[in-house]
Amino acid sequence: MTEISPLNEPKARPQRIIVGGILGALFGLLGAYFYSRAVEDDVRQNGVQRNPVSTGEIIGLGLAVLALLRQISEMGRSAPKKK
């Protein structure tokens, strides 16, 4: 008889997706909080609000997010076998 590991249970995938969604939402809220706080601090110090976020900054942030997602997906893979 074969044993089913906890990671292969039918309920494991939805649980991982829900936990990942909650962690992603918390990470997004934290990022928005830090960004908002930095804008407010900048207005207090300089008296003017900075220009809108540039396209280059958005592209750089998007590439960083893609790199993070790739690292997360690699965590789920087993280590390559040595020959």
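The values are calculated or read from the model by the stated rules, or taken from the named source; none is laboratory data. Note that this is a predicted model, so its numbers are computed, not measured. Cβ placement follows ideal geometry from the backbone for every residue including glycine, while neighbour counts extend to all protein chains displayed.
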*From the residues in the stretch 38-57 that are of a type in the set (Val, Ile, Thr) and surrounded by fewer than 10 Cβ atoms within 10 Å (Cβ to Cβ), which one is nearest to GLY24 (Cα to Cα)?*
THR55
*Which one is modelled with the lowest pLDDT, of the residues in the stretch 58-82 that are part of a helix (DSSP H, G or I) and of a type in the set (S, T, N, Q)?*
SER73
*Can you name every residue in the stretch 38-80 that is β-branched (Val, Ile, Thr) and closer than 20 Å to LEU23 by Cα?*
VAL65, ILE72
